[in-house]
Amino acid sequence: MPTSANLLPVYDSFAELADACRKWCEQVNSRRHRATGQIPADRLDIERTTLHVLPVEPLALALGEERLVGSDRTISFNAVRHSTPPGYTGARVRCRVIGEELSITACTNSGDLSDI
């Protein structure tokens, strides 16, 4: 990607630049590819039939199993109760084992993830 080109003066807004990029991608992906002899957009239509749907929460698998923090500030994981810090009662948290430790991850009010 060239770093010397500044496209900002050419477009009135970032949305206009993004729209131009989308149009460029559509144009390029509708041309026949020299090496494969195929049109990328057509190839994608074929490949879409074999692709898996992404989960609604893409990080859910990586973050582990969901648990609900009870009124006693604990969660149950693998038949063992684990305590959580104050402020998480009623929260949904994610639990996973890393090595020999249990990692409990919560989503903060700002949307960030935090190990608790």
Margin query: Any residue at all in segment 79-88 that's in a loop (DSSP other than H, G, I, E, B), buried (at least 16 other Cβ atoms within 10 Å of the Cβ) and free of Cβ contacts under 8 Å to residues at least 60 places away in the same chain?
Written below: yes
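Out of all the residues in segment 91-105, is one or more among the hydroxyl-bearing types (Ser, Thr, Tyr) and assigned to a loop (DSSP other than H, G, I, E, B)?
From segment 91-105, those among the hydroxyl-bearing types (Ser, Thr, Tyr) are 103, 105; that's our starting set.
Among the residues that remain, those that are also assigned to a loop (DSSP other than H, G, I, E, B) are: none.
The answer is no; no qualifying residue exists.
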Note to self: Kindly evaluate residue 62 against the criterion of being part of a helix (DSSP H, G or I), surrounded by fewer than 14 Cβ atoms within 10 Å (Cβ to Cβ) and at pLDDT below 85.
What the structure shows: yes
Notebook entry, point to check: For segment 86-104, how many residues are under 16 Å from residue 73 (Cβ atoms) and not small (Gly, Ala, Ser)?
Noted result: 8
Item checked: Test result for residue 46, modelled with pLDDT of 95 or more and farther than 30 Å from residue 103 by Cα -> no
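Output the residues belonging to segment 24-39 that are surrounded by 10 or more Cβ atoms within 10 Å (Cβ to Cβ) and outside any loop (DSSP other than H, G, I, E, B).
Passing the criteria: 24, 25, 26, 28.
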Next item on the list: Working carefully through the options 81, 73, 96, 43, find the one that is in the same structural domain as residue 32 (by TED's automatic domain parsing) and of a type outside the set (Phe, Trp, Tyr).
Entry: 43
Next item on the list: Would you be able to say whether some residue in segment 78-86 is modelled with pLDDT under 95 and charged (D, E, K, R)?
Entry: no
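Yes/no per residue for (1) closer than 30 Å to residue 114 by Cα; (2) touching a Cys at 6+ places or on another chain (Cβ under 9 Å); (3) touching a residue at least 12 places away in the same chain (Cβ under 8 Å):
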{"residue": "31", "(1), (2), (3)": "no, no, no"}
{"residue": "37", "(1), (2), (3)": "no, no, no"}
{"residue": "41", "(1), (2), (3)": "no, no, yes"}
{"residue": "54", "(1), (2), (3)": "yes, no, no"}
{"residue": "66", "(1), (2), (3)": "yes, yes, yes"}
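The values are calculated or read from the model by the stated rules, or taken from the named source; none is laboratory data. As the structure is a computational prediction, the values presented were derived from the model and not from experiment. Heads up, the Cβs are rebuilt from the backbone with ideal geometry, glycines too, and the neighbour counts pull from every protein chain shown.
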